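Each reported figure results from applying straightforward, stated rules to the coordinates on display, with no laboratory input. Because the structure is a prediction, the values reported are computed rather than measured. Note: ideal-geometry Cβ built from the backbone for every residue, glycine included; neighbour counts use all protein chains shown.
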Amino acid sequence: MLSNLNSAVLTEKLVSAALPIAGLLMFLLVWNMSAQRIETSLGQFPGPAEVWEQGGNLVDEHRVQREKAAAFYERQAKRNAEKLAKNPGYVPKQRRFTGKPTFFDQIGTSLVTVMLGFLLAALIAVPIGIMIGLSQSLYSAMNPLIQLLKPVSPLAWLPLVTMVVSAVYVSDDPTVPKSFLNSMITVMLCCIWPTIINTAVGVSGVSQDHVNVSRVLRLGPLTHVYKVVLPSALPMIFTGLRLSLGIAWMVLIAAEMLAQNPGLGKFVWDEFQNGSSNSLGRIMVAVIVIGLIGFLLDRGMLLLQRYLSWDKSATLR
């Protein structure tokens, strides 16, 4: 009996592992067959093999650019050392390597931008969600505003954000580039709403028994929120955060393409404008990487929820 049970469990695990692989192989097959029948103005649509080749080319370009940067800094250090040897009072000049950002540099820029925009949104949204979840009057007052601004596209926010940043952030030598601020604030404005709504729903849905216990213990308002409200509402808060992070990633790519701000969106647009025979393959590499990063961000948030929340079944959803 035990042997049969172990065999059934092993079979179930093998099937669970085989189905995603089979789905992926089917997708690659359909993609390859479809690509052979699509002819665009830039040439034949790239299949999996061509995309893999362009991915390798992007890796090689990144390696070459890093070698150039290392050689540049080595020459600079050598030149400064020679000048210091001749003139001990010389103040060495440190210049940054100004080579073209590589595909991986663009990935790093997009990740930094989206995480800062998302964190800023979370720091604003969670307290607001808690407040309107605790007060029906405040919820009624803010709900129309939330419903009005929630559907606004990043394409509508971006011009307004750009003009406001240009008017307020005036500096001849800005510490933070304006393009970075434009993308980050646009991301924040678009991804803040799911966290506000889900936090408010989670807080308003706290069990009345827990509220009564808090009253019996005469907990202060902040202690009540920290000890009772937050632990109970945490699964809903994380649901909102996961939705916000997914929206933030999608919004960022669109904002970078529209405003030509550094990042993966700009890489896609530049390749489209480039119009070379390799452009479609490089764009497909970017599309796959964008999807993969979005998946990993969601899985990371899910693992964080499992670690911090009492809802340990969250990773199964």
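Taken over the stretch 25-46, the residue count meeting the criterion of being outside any helix (DSSP H, G or I) and more than 27 Å from the chain's Cα centre (by Cα) is 10.
Residue by residue, here is whether (1) more than 26 Å from Val229 (Cα to Cα); (2) of a type in the set (S, T, N, Q) holds:
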residue	(1), (2)
Leu120	no, no
Ile128	no, no
Ser140	no, yes
Asn143	no, yes
Leu148	yes, no
Pro151	yes, no
Val168	yes, no
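Looking at this structure, is Lys83 surrounded by fewer than 20 Cβ atoms within 10 Å (Cβ to Cβ), part of a loop (DSSP other than H, G, I, E, B) and not hydroxyl-bearing (Ser, Thr, Tyr)? When the stated conditions are applied, Lys83 does not pass them.
With respect to the conditions (1) closer than 18 Å to Leu120 by Cα; (2) buried (at least 18 other Cβ atoms within 10 Å of the Cβ), Met250 lacks only one, and its number is (2).
Out of curiosity, is Leu111 at negative phi, surrounded by 10 or more Cβ atoms within 10 Å (Cβ to Cβ), touching a Pro at 6+ places or on another chain (Cβ under 6 Å) and hydrophobic (A, V, I, L, M, F, W, C)? Answer is no for this residue. For the stretch 49-58, the candidate set comprises residues that are in contact (Cβ under 8 Å) with a residue 24 or more places away in the chain and out of contact with any Pro (no Cβ under 8 Å at 6 or more places or on another chain); within that set, the residue that is surrounded by the fewest Cβ atoms within 10 Å (Cβ to Cβ) is Glu53.
Selection of the stretch 161-192 for residues being part of a helix (DSSP H, G or I) and exposed (fewer than 13 other Cβ atoms within 10 Å of the Cβ) yields Met163, Ser166, Ala167, Val168. For the stretch 135-162, the set of residues classified as among the hydrophobic types (A, V, I, L, M, F, W, C) and over 24 Å from the mean Cα position of the chain (by Cα) consists of Leu138, Ala141, Met142, Leu145, Leu148, listed by residue number.
Considering the stretch 280-308, the residues that are surrounded by 17 or more Cβ atoms within 10 Å (Cβ to Cβ) and among the small types (Gly, Ala, Ser) include one that is nearest to the chain's Cα centre (by Cα), namely Gly294. Checking every residue in the stretch 10-24 against the condition of being touching a Gly at 6+ places or on another chain (Cβ under 7 Å) and either surrounded by 10 or more Cβ atoms within 10 Å (Cβ to Cβ) or not in a loop (DSSP other than H, G, I, E, B) (or both) gives zero matches.
Condition check ((1) charged (D, E, K, R); (2) under 28 Å from Gly281 (Cα atoms); (3) in contact with a Ser or Thr (Cβ under 8 Å, 6 or more places away or on another chain)) across all residues:
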residue: Ala70; (1), (2), (3): no, no, no
residue: Lys78; (1), (2), (3): yes, no, no
residue: Lys86; (1), (2), (3): yes, no, no
residue: Lys100; (1), (2), (3): yes, yes, no
